[in-house]
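K.L.:
Below: one structure in structure tokens.
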Amino acid sequence: MNCPGLKAGAIEKNQRALAHTTMYKFDYYTEKDQQQVIDFMKENAFALITGMGENYPVATQVPLAIKERDGKIYLEGHIMRKTDHHLAFEKNNNVMVIFTGPHCFVSSRWYTDPNMGSTWNYMTVQAKGKISFMDAEGTHNAVKSVSDKYQGTQAPGSFDSLPKEYIDHMMKAIVGITIEVESMENTFKLSQNRDEASQRNIIEELMKRGDEHSRKIAKEMIKRLD
């Protein structure tokens, strides 16, 4: 990084500060139940993997399998070879994975005291760790696993029904990945900082909307009130 006017020591200090910066969060927005966080990740497994390229951040969004082994969490999937993100991950294996769930606007008109700002409720998890790449057999198994899960094993177009020549050709263009999670943070922002009357009114108004995101947020709020 070239920053005119900054000495090397100052740059290193800034880099250390950034490395320890956490996501936007407050204690009352943080889900303490680890299993609920993992379940959320599994339900929202089409995740964004981010890393650092030479000049700009890189990212790709892929379906991931969330696996637990020996007390650790691993994320498995596959990406296309020779893309900007693949090349960047090869040079720097530190990545962050973002799992996003339902989100919606919450109007301050629904509070017992409306004389304050409106907000946005949402649920998200950020997992940081190191990415590694699978061999040919591992890549084959990773692709088969995601295909079997979503396409099924008996339906037309299932992995085992595809011609071997087609599979071999496609496998040359992709590589399986494993991310060993080293740290994980979550923000489940569900109006926990509002009084119960406000929360119940927010739930009622969100349910009136009828859209999927609003309903899901309302249902998550209900879980935490009941």
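No value in this document is a laboratory result; all are computed from the given coordinates. Remember, predicted model here, so these are calculated numbers, not experimental data. As a convention, Cβ positions derive from the backbone with ideal geometry for all residues, glycine included, and neighbour counts pool all protein chains shown.
K.L.:
Compute the Cα gyration tensor for the chain, then decide on rounded, prolate or oblate, letting a ≥ b ≥ c be the square roots of its eigenvalues: rounded whenever a/c is under 1.5, prolate when a/b is larger than b/c in the other cases, and oblate in all that remain. Intermediate results must be reported in sequence, preceding the final value.
P.N.:
Working: a/c = 2.48, a/b = 1.31, b/c = 1.89.
Here the chain falls in the oblate category.
K.L.:
Treating only the Cβ atoms of Lys and Arg (+1) and Asp and Glu (-1) as charged, compute the dipole magnitude of the chain about its Cα centre; round to the nearest 20 debye.
P.N.:
Computed charge dipole of the chain: roughly 420 debye.
K.L.:
By how many degrees, 0 to 90 and rounded to 10, does the Cα axis of helix 8-19 deviate from the longest principal axis of the chain?
P.N.:
70
K.L.:
Something else now. Taking the Cα centre as origin and putting +1 on Lys and Arg beta-carbons and -1 on Asp and Glu beta-carbons, what dipole magnitude results for region 143-207, to the nearest 20 debye?
P.N.:
So the magnitude is around 220 debye.
K.L.:
A further question on this structure: Which angle between 0 and 90 degrees, to the nearest 10, do you get for helix 196-209 versus the longest principal axis of the chain when only C-alpha atoms count?
P.N.:
Result, in degrees: 60.
K.L.:
Any idea what the relative contact order of region 71-207 is, in percent, if you count C-alpha pairs under 8 Å spaced at least 6 apart? List each step's numbers first, then the result.
P.N.:
Values: 198 pairs, mean separation 51.1, N = 137.
Rounded, it is 37 percent for region 71-207.
K.L.:
Let me make sure I get this right: for region 123-226, a, b and c are the square roots of the gyration tensor eigenvalues over alpha carbons, sorted descending. Under 1.5 in a/c it's rounded, otherwise prolate if a/b > b/c, else oblate. Which is it?
P.N.:
oblate
K.L.:
Sticking with this structure for a sec: Among 197, 47, 88, which one shows the biggest mean-square fluctuation in a GNM of the chain, springs joining Cα atoms closer than 10 Å?
P.N.:
Maximum among the listed residues: 197.
K.L.:
Right, something else. Nearest 10 degrees is fine. How inclined is helix 34-43 to the longest principal axis of the chain, computing both from alpha carbons?
P.N.:
70
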